[in-house]
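Working notes, structure below.
The values are calculated or read from the model by the stated rules, or taken from the named source; none is laboratory data. Keep in mind it's a predicted model, so treat the numbers as computed, not measured. FYI the Cβ positions are ideal-geometry reconstructions off the backbone, even for glycines, and counts take in every protein chain you see. Accessible surface is based on the protein model in full, side chains and every heavy atom, while ligands, DNA and RNA are left aside. Shrake-Rupley method; radii C 1.70, N 1.55, O 1.52, S 1.80 Å.
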Amino acid sequence: MKNSIRIGVDIDDCMCNTLEMDFCCAYYKYKKLNKLHDDIDKTYFDVTKSFNIENGDQFFIKEKQYIMKHNDCMYPKVFVAEVLKKLIKKGFEIVIITSRADKFWNGNSKRFAKKWLRKYKIPYNKIYTDVVDKSQVCLQEKIDLMIEDNHHNVININNTGIKSILLKTTYNKNYANSLNIFAENWLDVYSILAKIYNFNGNDIINL
């Protein structure tokens, strides 16, 4: 395996369950206001559509303010830290590329992302936040493979010829492209990378 293989990694719904946080907060808000309806469409990627939230920006600003105040309320996905640590030890470079928008994070999306990553000891080499077009950052950083959950981002990334791993969800499971492989979880991500880049994929955990 050659050194300096560059792996791009998303944060929200890739490293942590952001969509679950969105649904929990929206559910609580609407239950408290006695506006909760029975036919919530949980297949929507956009929680504002699922709950018919009129002012989505204001909802997310309040939610992010809560997360900023209680930084330990959003946990990382299982084994994400362990996998990234192993990859860095093997010579991979980890570039975090997230669309976390500054407008929701009081202009400090990068600072709070770094704080969260530091709290849960998730390693990386470089980080981009508030990214509009991830495919352009991938090209700029010479990313070899992107780990994502949002297939809309992956469409653009694959169109540049860059490989991807999608963490499978209800909203991306129908995406099809020869440059993409689906992973069930982060241990599966590690196994897939081991096959692609020809390294031992059995050294991550002993069960």
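Checking ASP72 against (1) of a type outside the set (Phe, Trp, Tyr); (2) open to solvent by less than 30 Å² (accessible area, probe 1.4 Å); (3) at pLDDT below 90, which test does it fail?
The single condition ASP72 does not satisfy is (2).
Residue check: is ILE53 of a type in the set (Val, Ile, Thr), open to solvent by less than 80 Å² (accessible area, probe 1.4 Å), modelled with pLDDT under 85 and over 17 Å from the mean Cα position of the chain (by Cα)?
Details: of a type in the set (Val, Ile, Thr): yes; open to solvent by less than 80 Å² (accessible area, probe 1.4 Å): yes; modelled with pLDDT under 85: yes; over 17 Å from the mean Cα position of the chain (by Cα): yes.
Yes.
If you take the residues of the range 85-98 that are out of contact with any Asp or Glu (no Cβ under 7 Å at 6 or more places or on another chain) and assigned to a loop (DSSP other than H, G, I, E, B), which of them is least open to solvent (accessible area, probe 1.4 Å)?
PHE92
What pairs can you find where one residue is in the range 63-80 and closer than 26 Å to ILE205 by Cβ and among the hydroxyl-bearing types (Ser, Thr, Tyr), the other is open to solvent by 40 Å² or more (accessible area, probe 1.4 Å) and assigned to a loop (DSSP other than H, G, I, E, B), and their Cβ atoms are less than 8 Å apart, with a gap of 6+ or different chains?
Going by the 8 Å Cβ cut-off, the qualifying pairs are TYR75/ASN17; TYR75/TYR120.
Name every residue in the range 108-138 that is touching a helix residue (DSSP H, G or I) at 6+ places or on another chain (Cβ under 6 Å) and within 19 Å of ARG6 (Cα to Cα), in order of residue number.
Matches in the range 108-138: ILE122, PRO123, TYR128, THR129, VAL131, LYS134, SER135, CYS138.
Looking at (1) at pLDDT below 80; (2) surrounded by 16 or more Cβ atoms within 10 Å (Cβ to Cβ); (3) hydrophobic (A, V, I, L, M, F, W, C), which is the only condition VAL9 fails?
The one condition VAL9 does not meet is (1).
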